[in-house]
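Nothing in this text is a laboratory measurement; each read-out follows from the coordinates by a stated rule. Predicted model, so just to flag it, every value in this text is computed and none were measured. As a convention, Cβ positions derive from the backbone with ideal geometry for all residues, glycine included, and neighbour counts pool all protein chains shown.
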Amino acid sequence: MRALVGAWRVLPLLALLASLALAQGSRDSLVPRGAERFDAGRFTVVAYPADRPLARSLLAEAQRRDTFPGLPRPHARVLIAVAPDARRFRDWIGPAAPEWGAAIAFPALQRIVMQGRTAGSDAGDPRSVLRHELAHLALHEALGDLPPRWFDEGYASFAAGEWGRDETLATNLTLLARGMPTLDTLEAGFYEGAAEAEASYALAFRAVSDLSELDRERGLTLFFRYWKETGRFDAAVRQAYGITATAFEKQWQERTRRRYGMLALVANLSLATSIFLVAFLPLWIMRRRRDRRRLEALRQADEIAEREARALDALLGETPVPDAAPEPPRG
């Protein structure tokens, strides 16, 4: 399962600094023994020689797309550490991070830790992963601790263009069985395992996308400005879009349920039909063949019995009874 995990202050941030031997806020500090450092603009990438092509690609991508929807251009310096293997990735991010994480961002320190070339296929495109994590840093640089977890993750997915998350909603019967969560209860889903977190990411992405669509021309620009000025999500929604936060939440719930609820039902029914056909079609075919063999055996038995009856009649010298009396002569 693909999962892009954002940054949270509950993680042991100092574990990264200790492992990398990097002083907070300084790009001129030491890098791990045997690793290399690549600098361009406001970005520094630290990687081992085996990940040198990846490091250069990430550095170029970070510079090429260094703006984020609705936010002012970031200026903070960023360190991107590419872990050479799974063990060091876990060591650098600390034990509190989820197992399914492909990368972790530390907004307060403007740090990102990513898996390198040894990452599995479920880690996703490293360029999209980096874009997701950089969006966390940009949002934190602009708004500090104002965004709740659901908005932080939803915005990072939105900025990274992770439209494939809609597929998760299109196969999720929870939308029909339990109903849509509220934005507040959506928070809990990020801590309840990979499957539940994946659904929460998709719903958060949909919420931020729907919010941006309320103003086709300016998107999230005015909303972010008012959010920073007032410090309140509901006030920013009202000033930017002319509706209350409660009204937006209901609109998001209804649109998501209507858009993806029936898709989930159809997808699951299709899956159930496929499972049924795979499980029972061979049995049906076997039964049809058995019935045909049985009918053929009965037909052959009837033919044999009829031949034996005729042979017995001939042996006894009996004359077969005609089927009908001869027609009398005419005229």
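Brief remarks follow.
- For the stretch 88-168, GluC sites (Glu not before Pro) meeting the loop criterion (DSSP other than H, G, I, E, B) and having at most 13 other Cβ atoms within 10 Å: GLU99.
- ASP302 sits among other residues whose Cβ lies under 14 Å from its own Cβ, and their net charge, with Lys and Arg +1 and Asp and Glu -1, is 0.
- Over all other residues within a Cβ to Cβ distance under 12 Å of ARG117, the charged ones net out to -1, with Lys and Arg as +1 and Asp and Glu as -1.
- Restriction of the trypsin sites (Lys or Arg not before Pro) in the stretch 202-234 to DSSP coil positions whose beta-carbon has at most 15 other beta-carbons within 10 angstrom yields ARG216, ARG218, ARG232.
- This ranking places PHE190, PHE158 by how few other beta-carbon atoms lie within 10 Å of each, fewest first, which gives PHE190, PHE158.
- Approximate spin-label separation ASP39-GLN239, in nm, with each point projected 7 Å along Cα-to-Cβ: 3.9 nm
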